[in-house]
Amino acid sequence: MAEFGLASELSRSSSGGTGTGRPRGPYVGRFAPSPTGLLHAGSLVAALGSWLDARAHAGRWLVRIEDVDTPRCQPGADLEILRQLAVCGLVPDEPPSWQSQRGAIYAAALDDLLARGLAYACTCTRSQIAAALAASGRPYRPHGELVYPGTCRPATPTPITTPAVHLSTAPGVTGDGHPMSGAVGSTVAVGTVTDASTQVVAPSAPRHAVRLRVEPGAVSHIGWTDRRLGPQQQDVSADVGDFVLRRADGLWAYQLAVVVDDAAQGVTHIVRGADLADNTARQILLQRQLGLATPSYLHLALVLAADGHKLSKQNGATPLDLADPLAALQAAARALGLPNAAPGASLTDVLAGWTAAWTTCWPMVTKMPGPVATSTPASPDT
Ligand SMILES: [Zn+2]
């Protein structure tokens, strides 16, 4: 199977039009909030940590609004988050991006995986998956990820290029819910991101999910070294199974959107909360299947609420008090192990001081992951 030119597509998409005239350093970091609510003390820690790491590396820092799960997004929260960041002196080096506007590039990645037999349509409901797991005697974890039992998985990797499975997500052009039966052999333009209709995710679109085929064995066994947590590993096949790339309601799954965007934006270093650490193996697996570079990872300790759970919008974390941004930043800095700011110091000076202190907290990563465009094998198609 000819290798798909997604990496080159992504690098082209990342080079267009958003430059600020700054020299492009090798380091690119990002903060990627979901606009399901405003920033609170916990999310400011991730924002500040990623900003400081980028500054300490003399790199660029991006902000990406992760609004693919549109029903959970709060209208206006995106702009308010950007305002909160700006008040705290955390201004991205490029205009922010919105995942809800990037469906075409996710579609290109999904097309690639489908065309290579690495993804397939799944019509299972959550209760069907639970029943299949129970029947097979596999453990059911009430609050954990359901390990997909493989009900819809083809026996062997089966390339799919039919529009019904692939993407007919514009309103009025959906399939009948039986994607496998509609094979008409039409060729999908793999590797292009020109289909504007795929940017629209209609609620009535596909009635099937699309899952990544995770073969047991070496491919599924993912190891990486986190800058705080140290060596990590996961057998994705055993722990997660074939995971969802596009949901049955037509919305893009977090894993696919994050991996595609990090590559498209040339992100070399990911600094985020430890609650996302268990997504990392899935994301690395997906990067490899798409021929994309793997960034460096630093998962920061979480700020815990009084009940010991992660501080979140769900357990009542209050939005940041923007009347006193330095106080909010000071609390975040303390959570990151940084020293107290000198009394009366300006926001600029305080951030500069923490940038200098950051290098002693978190040793610099000297071995930079290569930029996407040069670290992936050249595609024979391009
Ligand atoms: Zn299924």
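The values are calculated or read from the model by the stated rules, or taken from the named source; none is laboratory data. It should be emphasised that the depicted structure is a prediction, and the values quoted were computed from it without experimental measurement. Here Cβ is always computed from backbone atoms with ideal geometry, including for glycine, and neighbour counts include all displayed protein chains.
Values computed for the structure shown
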read-out	value
From the options Arg141, Arg153, Arg116, residue that is basic (Lys, Arg), modelled with pLDDT under 85 and in the same structural domain as Val240 (by TED's automatic domain parsing)	Arg141
Long-range neighbours under 9 Å by Cβ, at least six apart or interchain, first residue within 16 Å of Tyr148 (Cβ to Cβ) within the stretch 112-126, second more than 11 Å from the ligand (Cβ to nearest atom) and assigned to a strand (DSSP E or B)	Leu113/Ala119; Leu113/Leu212; Leu113/Leu245; Leu118/Leu212; Ala119/Leu212; Ala119/Leu245; Ala119/Arg246; Tyr120/Leu212
Thr294, sole failed condition from (1) in a helix (DSSP H, G or I); (2) in contact with a helix residue (DSSP H, G or I) (Cβ under 7 Å, 6 or more places away or on another chain); (3) at pLDDT 95 or above	(1)
Out of Asp67, Asp53, sole residue that is surrounded by 24 or more Cβ atoms within 10 Å (Cβ to Cβ), in contact with a helix residue (DSSP H, G or I) (Cβ under 9 Å, 6 or more places away or on another chain), at pLDDT 95 or above and acidic (Asp, Glu)	Asp53
Selection status of Thr318, β-branched (Val, Ile, Thr), at pLDDT below 85, out of contact with any Lys or Arg (no Cβ under 7 Å at 6 or more places or on another chain) and crowded, with 16+ Cβ neighbours inside 10 Å	no
Qualifying residue in the stretch 228-237 (condition: part of a helix (DSSP H, G or I), more than 19 Å from Ser100 (Cβ to Cβ) and modelled with pLDDT of 90 or more)	yes
The stretch 89-105 - residue that is surrounded by fewer than 20 Cβ atoms within 10 Å (Cβ to Cβ), more than 25 Å from Ala327 (Cα to Cα) and among the hydrophobic types (A, V, I, L, M, F, W, C) and, of those, farthest from the chain's Cα centre (by Cα)	Ala104
Sole residue being closer than 16 Å to Gly273 by Cβ, aliphatic (A, V, I, L, M) and at pLDDT below 95, chosen from Ala41, Ala46	Ala41
Only one of Gly223, Gly250 that is among the small types (Gly, Ala, Ser) and part of a strand (DSSP E or B)	Gly223
Any pair with Cβ under 6 angstrom, 6 or more apart, that starts in the stretch 325-339 at a residue that is assigned to a loop (DSSP other than H, G, I, E, B) and ends at one that is modelled with pLDDT of 95 or more and of a type in the set (Phe, Trp, Tyr)	Leu338/Trp354
Residue in the stretch 265-285 that is under 23 Å from Asp239 (Cβ atoms), more than 11 Å from the chain's Cα centre (by Cα), of a type in the set (A, V, I, L, M, F, W, C) and crowded, with 22+ Cβ neighbours inside 10 Å present	yes
